[in-house]
Amino acid sequence: MLIILIASALLFDFLNGYNDSSSIVATVIASRAMSPRRALTLTALSEFAGPFLFGVAVATTVGKGLIESTAVTLPVVLAGVLAAILWNRVTWFFAVPSSSSHALVGGLMGAAILAAGPGAVHFSGLIKVLLALFLAPPLGMAAGFLLMRLILFLAQLATPRINDWFRQGQLFTSIGLALSHGANDSQKTMGIITLALVASGALNTFAVPLWVIVVSAGAISLGTLLGGWRLIRTLGGRIYTIRPVHGFAAHIAATGVILGAALLGGPVSTTQVISSAIMGVGSAERISKVRWEVGQEMLQAWFLTIPATMAAGAAIFWIIHRLGY
């Protein structure tokens, strides 16, 4: 079961990169700053480096801060991961950006509560996780709005050639965004695998081994390299027509929020933060510029994610338990 769990966690990590790559490269591709393949390759390399540069605080939050240690068993962790994978595939099928972080948290909570009751969830850890998940999107939108307003003020006398500067600048902002994504999102898988190793007795204390960092960073990078093209179209064109300045501002705003959360140990949804930053940037020019109905679809998926994955996590744990594990 430990081998199955590690494989499932790496599959979740791969799918996380596959889905979230669209969030990172959509604006770069839509503004024609880079070709799709070049953008995905650069993003994958940067994501791999992220956790080595910025530590594993998020992994510790996911692995130690959410579920009571007495409730952590291999069936519980496996059920949580499988629920997150199932939800990712459902939202991918409908091309709706959703939160892998929300899905994983919901799946783990549902399985743990069915296994050991409501007391299995650390209230303080849950508050920290939920604050990070739900505060990050409005922070991303506010940061995008304010940054775009600042750019419009500073560049009001500039010639149209400034777009070339913003287009070239996206090379560096996309690297920063990918580094912050790798520093935050791949750590969730590191926390899950380390949690499983502790539950199985392979580790005595919660400390993320180097090989776990390497394989987790590698899995999310591989998923990013292959890319989620359905969601690239959603984020790159359906919200509004993106120009280089929009991509530049959205990248900087999202990077600040995601990297700040990673350093503080707060797991956030990259998809949510970037989508919100894109909307904030667009609304800074004109409120009607943004197709808010796309945002409403995303919002509905985000609010459904935790209840749906809690139910799925509990159901999958029940099945595993009925099979005698």
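Taken together, the values in this text are just the output of simple stated rules run on the coordinates, not laboratory data. What you see is a predicted model, and the numbers here were worked out from it, not measured in a lab. A quick note on method: Cβ atoms are made from the backbone with ideal geometry, for glycine too, and the neighbour counts reach across all protein chains shown.
By the gyration tensor of its Cα atoms, with a ≥ b ≥ c the square roots of the eigenvalues, what is the shape of the stretch 23-104: rounded for a/c under 1.5, prolate for a/b over b/c, or oblate? Verdict is oblate for the stretch 23-104.
Fully extending the segment from Leu53 to Asp164 would add 36.9 nm, taking 0.36 nm per residue of separation and subtracting the current Cα-Cα distance. Amide H contacts for Val121 (H built 1.01 Å from N in the peptide plane; partners 5 or more residues away or on another chain; cut-off under 5 Å): Glu68.
Note: relative contact order over the chain, using C-alpha pairs below 8 Å and six or more positions apart, is 40 percent.
With the Cα gyration tensor of the stretch 85-231 giving a ≥ b ≥ c as the square roots of its eigenvalues, does the rule (a/c under 1.5 for rounded; else a/b larger than b/c for prolate; else oblate) give rounded, prolate or oblate? Present the calculation step by step, with values, prior to reporting the outcome.
Working: a/c = 2.29, a/b = 1.91, b/c = 1.20.
Verdict is prolate for the stretch 85-231.
Quick check on the stretch 21-161: take the gyration tensor over C-alpha atoms, sort the square-rooted eigenvalues as a ≥ b ≥ c, and tell me if it's rounded (a/c under 1.5), prolate or oblate. Since a/c reaches 1.5 and a/b is larger than b/c, the shape of the stretch 21-161 is classed as prolate. 3J(HN,Hα) along the stretch 156-161: 5, 9, 6, 7, x, 5 Hz, from the Karplus curve 6.51 cos²θ - 1.76 cosθ + 1.60 with θ = phi - 60°, whole Hz, x for Gly and Pro.
Each residue of the stretch 263-274 was assigned a 3J(HN,Hα) from its phi angle through the Karplus curve 6.51 cos²θ - 1.76 cosθ + 1.60 (θ = phi - 60°); the sequence is 5, 8, x, x, x, 10, 8, 4, 4, 5, 5, 5 Hz, with glycine and proline shown as x.
What residue among Trp87, Trp302, Trp165 shows peak mean-square fluctuation when the chain is described by a Gaussian network model with Cα springs under 10 Å? In this elastic network of the chain, the residue with the biggest mean-square fluctuation among Trp87, Trp302, Trp165 is Trp165. Put a dot 7 Å past the Cα of Ser124, heading toward its Cβ, do the same for Tyr325, and the two dots end up 3.3 nm apart. Note that the stretch 177-187 has calculated 3J(HN,Hα) couplings of 5, 5, 4, 5, 5, x, 6, 9, 6, 5, 5 Hz, one per residue in order, obtained from phi through the Karplus relation 6.51 cos²θ - 1.76 cosθ + 1.60 (θ = phi - 60°); glycine and proline are x. Exposure proxy for Ser283, Ser174, Ser269: other Cβ atoms within 10 Å of each Cβ, ordered fewest to most, give Ser283, Ser174, Ser269.
Where only DSSP H runs of four or more residues are counted, the chain gives -27000 deg cm²/dmol as its mean residue ellipticity at 222 nm, each run worth -39500 (n - 2.57). Farthest towards the positive end of the charge dipole of the stretch 2-322, among the residues Ser283, Gly17, Leu195, is the Cα of Ser283, using unit charges on the Cβ of Lys, Arg, Asp and Glu.
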